[in-house]
Structures are given as structure tokens and as C-alpha cells.
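**Q** Questions regarding the structure given below will be posed in turn.
We did not get these values from a lab; they are worked out from the coordinates using the rules stated. Since the model is a prediction, treat every value here as computed from it, not as a measurement. Glycine also receives a Cβ, built like all others from the backbone with ideal geometry; neighbour counts cover every protein chain displayed.
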Amino acid sequence: MLALVVAAACSSSDGAQAPFPDPDLPLVEANPDGEPYPTDRIGGTKRSGTRPGDRMPNLTFRAYRSGRAGGLETVSLAEYFDPTQARHKVLHLQIAATWCAICSSELEATMSVVDELEARGIRFLEVIVSGATAGKGPSLAEVDAWIDRHGTTFPTGIDVAARRLGALGVNGAAMPHDILLDTRTMEILDSSVGAPVDVAKYVLEALRFVEENPPSY
């Protein structure tokens, strides 16, 4: 379905700080309209040709919503579930580590096109799963510095040592990891290790698929 080209993933260095005390969070069961998040076909398999992908698990993170303004809040994937496309069409989940130079480059590329793409119904959520050392952290200080360095304007979540995303094969050692979701169904359109060569092209291809095809479920 999606012809994707990704750059190589990068490897980590030493120097971890104490990790963020990542709490368990209550499940957010419905989207802002009160529509329950789907509970069938949940998994981590991406779309392949005409075979639909699984629905993304309804994960919840402690996150900054826009830069660091307002402090940490609870952000759930249920917020992006939008069967009528009233607000969202595609969600690009960028999974990153602060040690990863390619993650940094991908975020910089995203920030250069984010306004244009969000105007078309594409949403972005970055989740930091590691600090200075793969599989460890991140600390809150590392996340804060990462956001300040890049001027991030979309939500940035924290998933220490990928304890939530690990069920989808994310381990913090091979970064970045990109996931594209059809927000009508939360179907996984793509899940790949390595940054897209062209972020805008990557997400616009998913948008084209969503606009040209009915929901898979």
C-alpha cells in the first residue's frame, strides 16, 4: 500500500540519567465525542497490500501537548480516534530516543512542514522511549531539553524503556520507529524502523490512501 523508503536507524551512547517515574495511567475509553475506542482486531501488524493492518492498542502517556507549556498531561490514542474525520485523518506516531541523531533530524524535518500537514488533517505525536542510553530512561530533563532544542509544537509523550510500546516490537535500541494510523479505525497503515527520507511524502501517501479508500473495518 505505502511505498516507503527509510534511512538507517542509529545506535546509542552512554550517559543515562535517572528515568522519569513513569506512572500507570487510567484507560481513556472513548474519544472526545464519546465514541468508544475499538477493542477488536487490536495488534501490531501493519497493512500489507489489500490485507488490513491491526488496530493500534489504545495507549496512554504522560505528555506535553504543545512544547512544554501547561506541563505534563495525560494524552491517549483514544483522542485521535475519529470515525467521521471531523478533526483527524492520519496520525503519525514518531517514536524516538534523545541519543538518536536520526530522530533529531526527523523531528527537524517534521517541524518544517507541520503547519501545512496539520491543516490537511494529519496529526503528529512523538513518544520518547529512551534517554542517552538505549533501553534506559528518558529522564524528564532529557525530554525537556529535547523539546526546547527542537521547538516542538505537537504532543510529546514519555514511555520509559518502551514499556507500553514494547508490545509492538519497539525496544529503544533501533530508532526511530514510525507508525502511521488511519484515524477512522486506528488501523496501522505502516510500522517501520528508520526515519522516512521525506517526512511530508511519507504522511501524504498515507493521507492519499485514506482519502481514496473506505475504512477497512
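**Q** Amide H of residue 153: which non-local residues (sequence gap of 5 or more, or other chain) have their own amide H closer than 5 Å, using H built in the peptide plane?
**A** 67
**Q** Of the peptides 200-209, 173-182, 143-152, 27-36, how do they stack up when ordered by the mean number of other Cβ atoms within 10 Å, highest first?
**A** Result, highest mean Cβ count within 10 Å first: 173-182, 200-209, 143-152, 27-36.
**Q** How large is log10 I(q)/I(0) at q = 0.07, 0.17, 0.18 Å⁻¹ when the Debye formula is applied to the Cα atoms of the chain, each weighted equally and without solvent?
**A** -0.18, -1.21, -1.38
**Q** Could I ask something else about it? Output wanted: per-residue J couplings in Hz (rounded whole) for the stretch 208-214, from phi through Karplus 6.51 cos²θ - 1.76 cosθ + 1.60, θ = phi - 60°, x for Gly and Pro.
**A** 4, 4, 5, 6, 9, 10, x
**Q** Taking H placed 1.01 Å from N in the peptide plane, check which residues at least 5 places from residue 136 or on another chain put their amide H under 5 Å from its amide H.
**A** Those lying under 5 Å, H to H, from residue 136 are 131.
**Q** Follow-up question, since we're still on this one. Which value, in debye to the nearest 20, gives the size of the charge dipole of the chain about its Cα centre, when Lys and Arg are +1 and Asp and Glu are -1 at the Cβ?
**A** Rounded to the nearest 20 debye, it is 300 debye.
**Q** Quick one: compute the contact order of the stretch 128-181, relative version, from alpha carbon pairs under 8 angstrom and 6+ residues apart, as a percent.
**A** 38 percent
**Q** Taking only DSSP H segments of four or more residues, each worth -39500 (n - 2.57), what value at 222 nm results for the chain once the sum is divided by all its residues, to the nearest 500 deg cm²/dmol?
**A** Per the formula, -5500 deg cm²/dmol.
**Q** With angles folded into 0 to 90 degrees, how steeply does helix 101-111 sit against the dominant principal axis of the chain? Use alpha carbons for both and round to 10.
**A** 50 degrees
**Q** Collect residues whose amide H, placed 1.01 Å from N in the peptide plane, falls under 5 Å from the amide H of residue 123; neighbours closer than 5 in sequence don't count.
**A** Amide H neighbours of residue 123, under 5 Å, 5+ apart: 89, 90, 91, 92.
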